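**Q** Here's a structure for you.
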Amino acid sequence: MSYASIRSLARGLRVLQYLNTVIEATPVQICQKLDLPRPTVHRILDTLIDRGWVYQSRSTSGFRLTSEVRRLNQVAAGDKSIEALTRPILTQLTVEIAWPSDLAVRDRDAMVICDSTHRISSLSFEAGIIGRRRPMLESALGRAYLSHCPEAERMEILEGLKASPDPAAARAGDQSFIAELIEVGRRDGVSSCPDLADGSSIAIATPIRFEGRVLACINIVWLASAMPHSEAAAWLTPHLLTARNRIEERLDINDPPVLPILQ
């Protein structure tokens, strides 16, 4: 093996290490962060895509790690990540109901999807879901988080949303809306957005709770054209809550799961 090939390997590993610390990155960002020539970065990314370790998001054109790299990371970490803990249970859930399920963690004022069963669902209707952000007030994942997180954390999130120009944060100051959101989430165990006329997909979500806080949230997503919200929620809620309970039973106070590093 030549010194040139070893140098290329080292550069490729640096790109992988950097992508492991962010949700996604453009070639320009990688060049600036790692001080690498642009042609070199493009060759590395092409090679990593060819090997199945990196893919390019259709929605943003940024580059992200695939589940193959995450699996390697989990083996190295002794399978202590939140993804490794939840994946077998969410896989079984998808086998039972066919519709896909996502795992998401909070990143400031949004929920970021860090794992998904879209890849194995026979009813999957969305690709490249990992890394996408879901708004706190206009997604089932966000509402599930807000309804169960500690009050001080919820107030911090809402204050940040009030200062946001994003239309999805417009109701952060609506106290009656927030109170109902919390009441419904705690009463039913799941949260959803039946008030939003999206017209394409619908979801219900529930939090994974640990030591008085919310570690992450999981959901079930289906096409609005396939089932009305009330009918689907009545069928799917028991399945989702059973999966949540199984995950929470696996949580160890002495060895909590590792959450993904987000930018």
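**Q** Of the residues Pro194, Pro207, which single one is assigned to a loop (DSSP other than H, G, I, E, B), assigned by TED's automatic domain parsing to the domain that holds Asp102 and either of a type in the set (S, T, N, Q) or within 27 Å of Gly131 (Cβ to Cβ) (or both)?
**A** Values: Pro207 fails: assigned to a loop (DSSP other than H, G, I, E, B).
Exactly one of Pro194, Pro207 is assigned to a loop (DSSP other than H, G, I, E, B), assigned by TED's automatic domain parsing to the domain that holds Asp102 and either of a type in the set (S, T, N, Q) or within 27 Å of Gly131 (Cβ to Cβ) (or both), namely Pro194.
**Q** With (1) modelled with pLDDT of 85 or more; (2) more than 26 Å from Leu215 (Cα to Cα); (3) assigned to a loop (DSSP other than H, G, I, E, B) as the list, and Trp99 as the residue in question, which single condition is left unmet?
**A** Of everything listed in (1) modelled with pLDDT of 85 or more; (2) more than 26 Å from Leu215 (Cα to Cα); (3) assigned to a loop (DSSP other than H, G, I, E, B), Trp99 misses just condition (2).
For every residue, the table says whether it meets (1) out of contact with any Cys (no Cβ under 6 Å at 6 or more places or on another chain); (2) at pLDDT below 95; (3) outside the structural domain of Ile89 (by TED's automatic domain parsing).
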| site | (1), (2), (3) |
| --- | --- |
| Ile220 | yes, no, no |
| Leu223 | yes, yes, no |
| Pro228 | yes, yes, no |
| Leu236 | yes, no, no |
| His239 | yes, no, no |
| Arg244 | yes, no, no |
| Ile261 | yes, yes, yes |
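One line per residue, one yes/no per condition, for (1) part of a loop (DSSP other than H, G, I, E, B); (2) modelled with pLDDT of 95 or more:
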| position | (1), (2) |
| --- | --- |
| Ala127 | yes, no |
| Leu137 | yes, yes |
| Gly142 | no, yes |
| Tyr145 | no, yes |
| Ala152 | no, no |
| Glu156 | no, no |
| Gly160 | no, no |
| Ser164 | yes, no |
| Ala168 | no, no |
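**Q** Of (1) of a type outside the set (Gly, Ala, Ser); (2) in a loop (DSSP other than H, G, I, E, B); (3) closer than 28 Å to Glu211 by Cβ, Ile113 satisfies all except one. Which?
**A** (2)
**Q** How about segment 173-191: which of its residues are part of a helix (DSSP H, G or I) and under 27 Å from Leu223 (Cα atoms)?
**A** Taking segment 173-191 and keeping what is part of a helix (DSSP H, G or I), we get 173, 175-188.
Those that are part of a helix (DSSP H, G or I) and under 27 Å from Leu223 (Cα atoms): Phe177, Ile178, Glu180, Leu181, Ile182, Glu183, Val184, Gly185, Arg186, Arg187, Asp188.
So that you can scan it fast, the table gives a plain yes or no per residue for (1) touching a helix residue (DSSP H, G or I) at 6+ places or on another chain (Cβ under 8 Å); (2) loosely packed, with under 13 Cβ neighbours inside 10 Å:
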{"position": "Arg132", "(1), (2)": "no, no"}
{"position": "Pro135", "(1), (2)": "yes, no"}
{"position": "Ser139", "(1), (2)": "no, no"}
{"position": "Leu146", "(1), (2)": "yes, no"}
{"position": "Pro150", "(1), (2)": "no, yes"}
{"position": "Ala169", "(1), (2)": "yes, no"}
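**Q** One residue is enough: does segment 177-196 have a residue meeting the conditions touching a residue at least 60 places away in the same chain (Cβ under 8 Å) and among the hydrophobic types (A, V, I, L, M, F, W, C)?
**A** Initially, segment 177-196 is screened for residues touching a residue at least 60 places away in the same chain (Cβ under 8 Å), giving none.
Checked segment 177-196: no residue is touching a residue at least 60 places away in the same chain (Cβ under 8 Å) and among the hydrophobic types (A, V, I, L, M, F, W, C).
**Q** Still on this structure, please answer the following. Of all residues in segment 15-38, which are surrounded by fewer than 16 Cβ atoms within 10 Å (Cβ to Cβ) and modelled with pLDDT under 90?
**A** Once the filter is applied, which keeps residues that are surrounded by fewer than 16 Cβ atoms within 10 Å (Cβ to Cβ) and modelled with pLDDT under 90, segment 15-38 yields Gln17, Tyr18, Asn20, Thr21.
The values are calculated or read from the model by the stated rules, or taken from the named source; none is laboratory data. Remember, predicted model here, so these are calculated numbers, not experimental data. In this analysis, Cβ positions are derived from the backbone assuming ideal geometry, glycine residues included, and neighbour counts consider all displayed protein chains.
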